[in-house]
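Heads up, the thing below is written out as structure tokens.
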There are 2 protein chains.
Amino acid sequence: MEFQHLCPIWDKLTPAQHQMISSSIVPRTLGKGAVLHDGSADCAGLVLIKSGQLRAYILSEDGREITLYRLLDQDICLFSASCVMRSVQFEIMIAAEKESEVFILPPYIFKKIMEESAPLANYVNELMATRFSEVMWLIEQIMWKSVDKRIAGFLLDEAALEDSLVLKLTHEAIANHLGTAREVVTRMLRYFQNEGYVKLTRGAVEITDRKGIENLIDA
Amino acid sequence: MEFQHLCPIWDKLTPAQHQMISSSIVPRTLGKGAVLHDGSADCAGLVLIKSGQLRAYILSEDGREITLYRLLDQDICLFSASCVMRSVQFEIMIAAEKESEVFILPPYIFKKIMEESAPLANYVNELMATRFSEVMWLIEQIMWKSVDKRIAGFLLDEAALEDSLVLKLTHEAIANHLGTAREVVTRMLRYFQNEGYVKLTRGAVEITDRKGIENLIDA
């Protein structure tokens, strides 16, 4: 699958822009755990994901994390080109959660085309609004939802992402995703286990009563 | 002061676009407390603030609030035209905190020009990135900062906005801005009063030791 088939606005770009993209785009493989973007110090460019899974998160001064959103096949990672947009005034981390095949458009080419192309600039608007919506959803979760519902929702999301009810996740990893303390996660998972919703083993959480977890979220 | 002097990209628009804007723009006065935008049900259009102060916030199902950001003179309110960007999938409230004079560009005119104008689309990108940055700052505050620092920071921001050390704010109002409980605010303000940082009177908080509050934030 080539870049032009994955790029949703390819047909709205000019032949000269097609030429600029085709001669500068770089395919790359990101190993599991590879950091694509480490705050404003990095500016790899616009990244289109052919296959794999990236995670966008923030990091506190003392090393705590919270997951903002995931990027999957055919998603476009905008903030790896954050140097192009001078109003992006926050530090975001982007790392490969699974081995990923990506196309990278260098920042100066992205900037040049965006400045002259209304279709590309409008597409970037929609992308930014999508990420903004995900972050607003996260704020609502943090502010208004209790931790039990957030952990329950996270387990169901992971089960869907992995297409498996056995999730290879430590309590520490779940805490990092949700920006909470490991002890809080451990206490809640033990409660889930007592209720029969999950079975805990070393380094894994198995969902044994999906319906029970779903009811918890709706409660 | 007319719209073209306040619009930072006026010179990059075409004469036909100038004509479209001039013939459709509407000046309006928003009384203090007026709600300009109430989630996705509303779509007034792009709002440029001539003078005044707007507040963007979210509302939980049970009526709790949290302030996202403020808009002041010459700021542009993008989400009052959220119907134009289909990827904006969140409910935001925008209300006038002070009487405000604004210009409103109807959504269909805004959409039409943005679709054909790379300068406008790029400007909207920068606006969205600015608001995104404010919301990311808020997440970091909520996740990593303690409530005392958040209340301290809020009091200093309000003092700067109002250009006064006497802030006419109830504990309830402060709690609504920060998305926390009134009791938490009351307890913390009493602690601030004991430390000599503030003086509490009915419906107002007076900052009596600005340096002390600043030190609290940096601690």
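The values are calculated or read from the model by the stated rules, or taken from the named source; none is laboratory data. Because the structure is predicted, anything quoted here is derived from the model rather than measured. Cβ coordinates were reconstructed from backbone atoms using ideal geometry, including for glycine residues, and neighbour counts include every protein chain displayed. Keep in mind that these areas ignore ligands, DNA and RNA; they rest on the heavy atoms of the full protein, side chains included. Shrake-Rupley method; radii C 1.70, N 1.55, O 1.52, S 1.80 Å.
Values for this structure:
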quantity	calculated
Averaged over A:88-95, number of beta-carbon atoms from partner chains that fall within 10 Å	3
Principal axis dimensions, largest first and in whole angstrom, of the stretch B:158-198 by Cα	27, 24, 12
B:Asp209 paired with B:Asp62, simple spin-label distance in nm, labels 7 Å along Cα-to-beta-carbon	3.6
Within the stretch A:94-219: Cβ-based charge dipole about Cα centre, in debye rounded to nearest 20 (Lys, Arg +1; Asp, Glu -1)	400
Rg over Rh, two decimals, the stretch A:21-104 (C-alpha only, Kirkwood Rh)	0.96
Helical mean residue ellipticity (222 nm; -39500 (n - 2.57) per DSSP H run of 4+; nearest 500) of chain B	-13500 deg cm²/dmol
Local net charge near B:Ser80, Cβ-Cβ under 14 Å (Lys/Arg +1, Asp/Glu -1)	0
Mean shadow area of chain A over all directions, Cα convex hull, nm²	13.1
Per the axis that maps chain A onto chain B, nearest residue of A (Cβ criterion) and its distance in Å	A:Ala121, 2
Quarter of Cα convex hull surface for the protein assembly as shown, i.e. mean projection, nm²	23.5
Of A:Lys12/B:Lys111; A:Lys50/A:Lys199; A:Lys211/B:Lys145; B:Lys168/B:Lys211, those spanning more than 25 Å from alpha-carbon to alpha-carbon	A:Lys50/A:Lys199; A:Lys211/B:Lys145
Degrees, to the nearest 10: B:182-194 long Cα axis against longest axis of chain B	60
Solvent exposure of the stretch A:1-69 as accessible area per residue, Å², 1.4 Å probe	51
Shielding by other protein chains, A:57-64, mean Cβ within 10 Å	2
Chains A and B together, accessible area buried on both sides, 1.4 angstrom probe, square angstrom	3500
Shortest-first nm distances, A:Ser24 label point to equivalent points in other copies (7 Å, Cα→Cβ)	3.3
Other-copy label distances relative to A:Arg190, 7 angstrom Cα-Cβ extension, nm	3.4
Carbon + sulfur, % of accessible area of the stretch B:103-155 - ligands and nucleic acids excluded, 1.4 Å	59
